[in-house]
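So the structure is just underneath, and the comments pick up after that.
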Amino acid sequence: MTMKFIHEDFLLETRTARRLYHQFAEAQPIFDYHCHLAPRDIAENRQFNNLFEIWLEGDHYKWRAMRSNGVAERFCTGDAKPEEKFLAWAATVPHTLRNPLYHWTHLELKRYFGVEELLDEKSAPRIWKKAQAQLAKPQWTTQGILKKFKVSVVCTTDDPTDDLKHHQKIVTSGLATTVLPTFRPDKALAAHLPEAFNAWVTRLAQAANQEIKDLASFLAALRQRHDFFHQQGCRLSDHGLSHCYADFCTEVAASAIFDRVRAGQAASAQEQGQFAAFMMLFFGRLNAAKGWTQQLHIGALRNNNTRLLTKLGPDTGFDSVGDYPQASALAAFLDALDQENALARTIIYNLNPADNYVLGTMLGNFQDGSIPGKIQFGSGWWFLDQKEGMEWQMNALSNLGLLSRFVGMVTDSRSFMSYPRHEYFRRVLCNLIGRDVEHGMIPKDDGLIGPMIRNVCYGNARQYFGLAGVKPPAAVSDPAKAPRKRS
């Protein structure tokens, strides 16, 4: 069946929406300031062998839908052949009607491979073959994809122990897209998991090329990695939190917790909260001192299925929206840094739509007049990066803050097939504004509306992050490669 519903005016319900999208949004470059793309794939200019590799590999959104459709795990994360996994996904697609996966699937197939028919069991072999032929062409390497979709900036997500060698290789590749790392130190908070925490501290010591014997040397090693990331062009940190931590403790108390964990004793829930609060203030101060932007992803309830977590590991599709109290701890965390004049640019992504107004009102408490939109309500994230969730987020931001200062959409994806998500967001944005214009709620004035749309799609992010001139040097020596320091 022909894919007639993905047409040039898809999601654009009014004449004004269509005009706004095609005139102001459609041609804007992409500033993808948060994603989980593998730097190695970009550095090596990976050529994907088939649709499974580029589209299904690591995509837990699709795995969740397939499991719900009764598909065996071997076709999701197991040992089935790539084409078998694709066929299992194709058989699931018709059952995803009204799920955003249905829109994304067909938008991606059309934008990447020119596929004009709906994906199902019957069309799957033809679509697999067509995509196979396209993927063999040079323009569908990772770097070719970034060029095709006019991706100006990509910020990956990187552990502090990473040597960033792939980022260094990208710098010398001649790629027009600026690809920068993001500092993601979540493992530094896991004092309640001594085995995993201590293994990570060992890797951190190796990366920083220094012994870690106490809290002070732990903080010194993290500071050194933060410095190294900055040398490599990093200007963002990212923190995945169920909620902010605000049970602040002294350095003496944090040091005692650290020592017990290093001795193999798990921190209690209270101790873990205290240690995490101490560490988040530490990271916040580092970020502010270097002029970075910190991102807080809050509200996920992760790894709910113990049996399959043990079997498959994290990030395999067993997370959900959490219902944590957010307001008091978030306010206390931001206020603690603000009192020290150490509150960096901050983007807060919310996973529970019930908290949209909590976050929307929190932003205004800490805007200090120094930077337009300094504290940002991040775009619809994870379970909310679909039409309804995007509209909820933008409506809350519009009612409580300044939509005109919004830094826009991110892919938040591990897949090089996800760039049409920016198109999807832009269509939703223009449809929202176009509807207001036609209802007489805002002026029909392109001189007022057009620049705002352009800025939300691209210009605000370009100005906010200040990355336009950031180019890391082709090679910066990693301390881990130097002779080991003696303590």
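The set of residues in segment 388-447 being farther than 30 Å from Ile42 by Cα and of a type in the set (Lys, Arg) consists of Arg405, Arg435, Lys444.
Results for (1) surrounded by 20 or more Cβ atoms within 10 Å (Cβ to Cβ); (2) of a type in the set (Asp, Glu), shown as yes or no for each residue.
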position	(1), (2)
Cys155	yes, no
Lys165	no, no
Lys187	no, no
Glu195	no, yes
Gln224	no, no
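For segment 132-169, the set of residues classified as free of Cβ contacts under 8 Å to residues at least 40 places away in the same chain and under 19 Å from the mean Cα position of the chain (by Cα) consists of Asp159 only.
Applying the set (1) within 22 Å of the chain's Cα centre (by Cα); (2) assigned to a helix (DSSP H, G or I) to Asn399 leaves exactly one unmet item: (1). Being hydroxyl-bearing (Ser, Thr, Tyr) and either open to solvent by 20 Å² or more (accessible area, probe 1.4 Å) or within 23 Å of Leu309 (Cα to Cα) (or both) is the filter here; which residues of segment 54-103 pass it? Scanning segment 54-103 gives Tyr61, Ser68, Thr77, Tyr102.
Which residue pairs have Cβ atoms closer than 9 Å, lie 6 or more positions apart in sequence or on different chains, and pair a first residue in segment 337-351 that is open to solvent by 60 Å² or more (accessible area, probe 1.4 Å) with a second residue that is of a type outside the set (A, V, I, L, M, F, W, C)? From segment 337-351, the pairs are Asp338/Asn365; Asp338/Asp368; Glu340/Gly284; Glu340/Arg285.
Only one of the numbered conditions (1) open to solvent by less than 60 Å² (accessible area, probe 1.4 Å); (2) at pLDDT below 95; (3) under 17 Å from the mean Cα position of the chain (by Cα) is violated by Gly378, and that is (2).
Of all residues in segment 334-361, those that are touching a Phe, Trp or Tyr at 6+ places or on another chain (Cβ under 7 Å) and on the phi > 0 side of the Ramachandran plot total 0.
Whether any residue in segment 97-117 is within 27 Å of Pro29 (Cβ to Cβ), β-branched (Val, Ile, Thr), outside any helix (DSSP H, G or I) and in contact with a helix residue (DSSP H, G or I) (Cβ under 6 Å, 6 or more places away or on another chain) is what I want to check. Checked against the condition, which is being within 27 Å of Pro29 (Cβ to Cβ), β-branched (Val, Ile, Thr), outside any helix (DSSP H, G or I) and in contact with a helix residue (DSSP H, G or I) (Cβ under 6 Å, 6 or more places away or on another chain), segment 97-117 yields at least one hit. Within segment 245-271, if we keep just the residues that are farther than 27 Å from Gln326 by Cβ, of a type outside the set (Gly, Ala, Ser) and without any contact (Cβ under 8 Å) to a residue 24 or more places away in the chain, the residue that is least open to solvent (accessible area, probe 1.4 Å) turns out to be Arg260. Just one of the listed residues (Arg111, Arg15) is open to solvent by 50 Å² or more (accessible area, probe 1.4 Å), in contact (Cβ under 8 Å) with a residue 40 or more places away in the chain and within 28 Å of Gln295 (Cβ to Cβ), and it is Arg111.
Taking residues in segment 206-232 that are closer than 25 Å to Cys155 by Cα, and partners anywhere that are open to solvent by 50 Å² or more (accessible area, probe 1.4 Å) and of a type outside the set (D, E, K, R), the pairs with Cβ atoms closer than 9 Å and at least 6 places apart or on different chains are Gln231/Pro473; Gln232/Val171; Gln232/Pro473. Being of a type in the set (Gly, Ala, Ser), buried (at least 18 other Cβ atoms within 10 Å of the Cβ) and over 24 Å from Ser379 (Cα atoms) is true for just one of Ala300, Ala277. Which residue is that? Only one candidate passes the filter, namely Ala277.
Condition check: modelled with pLDDT of 95 or more, buried (at least 17 other Cβ atoms within 10 Å of the Cβ), on the phi > 0 side of the Ramachandran plot and not basic (Lys, Arg). Does Gly401 satisfy that?
Considered against the rule, which asks whether it is modelled with pLDDT of 95 or more, buried (at least 17 other Cβ atoms within 10 Å of the Cβ), on the phi > 0 side of the Ramachandran plot and not basic (Lys, Arg), Gly401 comes out as no.
One residue is enough: does segment 93-107 have a residue meeting the conditions among the polar types (S, T, N, Q), modelled with pLDDT of 95 or more and touching a Leu at 6+ places or on another chain (Cβ under 8 Å)? Yes, the conditions are met somewhere in segment 93-107.
The values are calculated or read from the model by the stated rules, or taken from the named source; none is laboratory data. Please read all numbers here as calculations on a predicted model, not as lab measurements. Heads up, the Cβs are rebuilt from the backbone with ideal geometry, glycines too, and the neighbour counts pull from every protein chain shown. Areas reflect the complete protein model, heavy atoms only, side chains present, ligands, DNA and RNA absent. Shrake-Rupley method; radii C 1.70, N 1.55, O 1.52, S 1.80 Å.
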